[in-house]
1. Over the chain, with every protein chain in place, what whole percent of the accessible area is carbon and sulfur at 1.4 Å, could you tell me?
2. In this model, which of K186/K207; K304/K525; K73/K542; K304/K542; K204/K317; K204/K225 are farther than 30 Å apart at the alpha-carbon?
3. With θ set to phi - 60° and the Karplus curve 6.51 cos²θ - 1.76 cosθ + 1.60, what are the ³J(HN,Hα) couplings of the range 334-349 in order, to the nearest whole Hz, using x for Gly and Pro?
4. 7 Å from Cα along Cα→Cβ at both L492 and N112: what's the point-to-point distance in nm?
5. Sort the range 112-198 into rounded, prolate or oblate with this rule: let a ≥ b ≥ c be the square roots of the eigenvalues of the Cα gyration tensor; rounded if a/c is under 1.5, and if a/c is not under 1.5, prolate when a/b is larger than b/c, oblate otherwise.
6. Given C-alpha coordinates of the range 66-105, what is the ratio Rg to Rh with the Kirkwood estimate of Rh?
7. Based on the alpha-carbon set only, what is the convex hull volume of the range 329-414 divided per residue, in Å³?
8. So how much slack lies between D554 and N338, counting 0.36 nm per residue of separation and subtracting their Cα-Cα distance, in nm?
Amino acid sequence: MESRYSALIVVVIVAATLIAGLVVGAQRDDRSGPVDLVVLNGRVFTGAGREPAEALAVRGHEILRVGPNREMKRLAGAATKVIDAHGGTVLPGFIDGHVHFVSGGLGMDRVNLLDAESLDAIGKKIREFAAANPGHPWVLGRGWYYSPFPGGLPTRQQLDELVPDRPAYMTCYDGHTGWANTAALKLAGITAKKPDPADGAVVKDPKTGEPTGVLKEAAMALMSKVLPQPTRADRLRAIRRASEEASRLGITSIHEAGTGEASLELFEELRESGALNVRVYAALSVPDAMTEADADRFDALRRKFAANPQIKVGAIKVMEDGVIEAHTAAMLAPYANNPSAGHANYAPQELQRVVAMMDRRGWQVMTHAIGDGAVRMTLDAYDAAAKANPAPAAGRRHRIEHAETIDPADFPRFTRQNTIVSYMPFHANPTPAQLTVWTTNIGPERAARGWISRTLQQAGARQVFGSDWPVVALDPRLEINMAVTRRTADGLPASGWLPDEAISLASAIENMTAAGAYASFDESKKGRLAPGLLADIVILSKDVFAQPPARFLDAVVDVTILGGRVVYEGVPK
Ligand SMILES: [Zn+2]
């Protein structure tokens, strides 16, 4: 009897405790502050293979809850901002894993030829820009493709016709070839007598010996010397414009792939003024023959930004080779149409020295390696660093940028040191303009191993996606569309380019969100929609999971939220 009575007491106590707990739990939301924002009626992406939620709530900078509409409605108070997602997909803010924000922003003040795929289109864009900007002493532009020009290269006469009154200079989409008009050549002192610099060429007409207007590789520096240099104010404005553009496209974080102290100060100035609408993870460009003193300087810069709420310094950027289009990517075997096998910027021992030195100091290494030879040298350097140094506290997350061709023998090597492949899927946008030169230069066998997202995923390698803007457009949707469909925005080719390498929409989205957070050691802060993480959120106009993946581009960005603050709102539906 007595024991039964005490058992009953225990049950009552336990029940009371549970109820009290529930009540306290429910009240905690009200007591510890208001709910600032709720997003309702969405399809809230909670990760690949997981059920989506309907809604989420934000307090301050962070996500408070993810769950059903009724729960978030209950949390909302009179002062809560309510956003109706109208059934659209709610994603973590996009993280661009590889971008050149300053040059991208500066490029917004130049002719953009990236979407001009015919001679007519190129001519129209340059002519219109020149007419619209009569005060510009130079007409500058970038982004032209080789294929619209007969013979694959433009001429100064073509540009003279478009810009007869001023110097004009346009760089190729891959950044490795320049196109000048006659006035620009004259200013740069480039005549028939100008010899080729080492690692470059002033292309000359075989009949007349006169420069054609094309400057290859190192010869571009002859022009850079006379180009109007952007002022500090120009650069600050460029970052501001780039930041606005990022918000419009749903990007809340960027990895700036190669920067230095001067640019970081500009980012910081903008942040202090409240106008920097992205979180920045910076990779510092390594100088030639980097010394321990250089590394000390890098360490100091990392410390300087250690407590910064929006800017983080944690990586170094190493350029190990060039690009396949210009035969400057370092291949294991010669090119298909050229006796050379490209060129590695660092000898293996020098690459290993720099990587080991920075690995020891706890830096992440981002190595630009496009050719299969450069990729192997980089993997070797990461292995050597792991052998020479104890594992850093946060573990190793070194990265290979681009990795456009990888030898099959190296497929399994990425997991060994947890090396991240940093892909820009839209670089493989399968238009004739973009891919023909690439595939011709390396031949069909190696071209069949381009941007092998699925193969690497199956090999267990991590991937992070980025744009490499301004090399191609900044819009993350283009990266995701390409990774998922292996087709152009217009759906070509219908069967897809290397369609077996396509990955799922959910995986592609994660590579453009969660993977970017992981790749900057920030997965406990952002990259997913979960309580306690930063409220970096993008709302798309459609439920992208309810339609065929090929229609992903139908969805546009409606709202971008950075740390709980709405930084972009499109035209309301
Ligand atoms: Zn880049």
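The values are calculated or read from the model by the stated rules, or taken from the named source; none is laboratory data. Just so you know, these numbers come straight off a predicted model, no measurement behind them. FYI the Cβ positions are ideal-geometry reconstructions off the backbone, even for glycines, and counts take in every protein chain you see. In case anyone asks, the SASA skips ligands and DNA or RNA and just uses the protein heavy atoms, side chains included. Shrake-Rupley method; radii C 1.70, N 1.55, O 1.52, S 1.80 Å.
1. Numbers: 13430 of 24070 Å².
Using a 1.4 Å probe with all protein chains present, the chain comes out at 56 percent carbon and sulfur.
2. On the way: K186/K207 20 Å; K304/K525 20 Å; K73/K542 22 Å; K304/K542 42 Å; K204/K317 34 Å; K204/K225 20 Å.
Violating the 30 Å limit, Cα to Cα: K304/K542; K204/K317.
3. With the stated coefficients, the range 334-349 comes to x, 4, 6, 10, 7, x, 7, 10, x, 8, 8, 5, 10, 5, x, 5 Hz.
4. Reported label-point gap for L492 and N112 is 2.2 nm.
5. Numbers: a/c = 1.81, a/b = 1.15, b/c = 1.57.
Verdict is oblate for the range 112-198.
6. Values: Rg = 16.6 Å, Rh = 13.7 Å.
My calculation of the ratio gives 1.21.
7. Working: hull volume 7.4 nm³, N = 86.
In the range 329-414, the Cα convex hull volume per residue is 86 Å³.
8. Details: separation 216, 0.36 × 216 = 77.76 nm, distance 4.16 nm.
Between D554 and N338, full extension yields an extra 73.6 nm.
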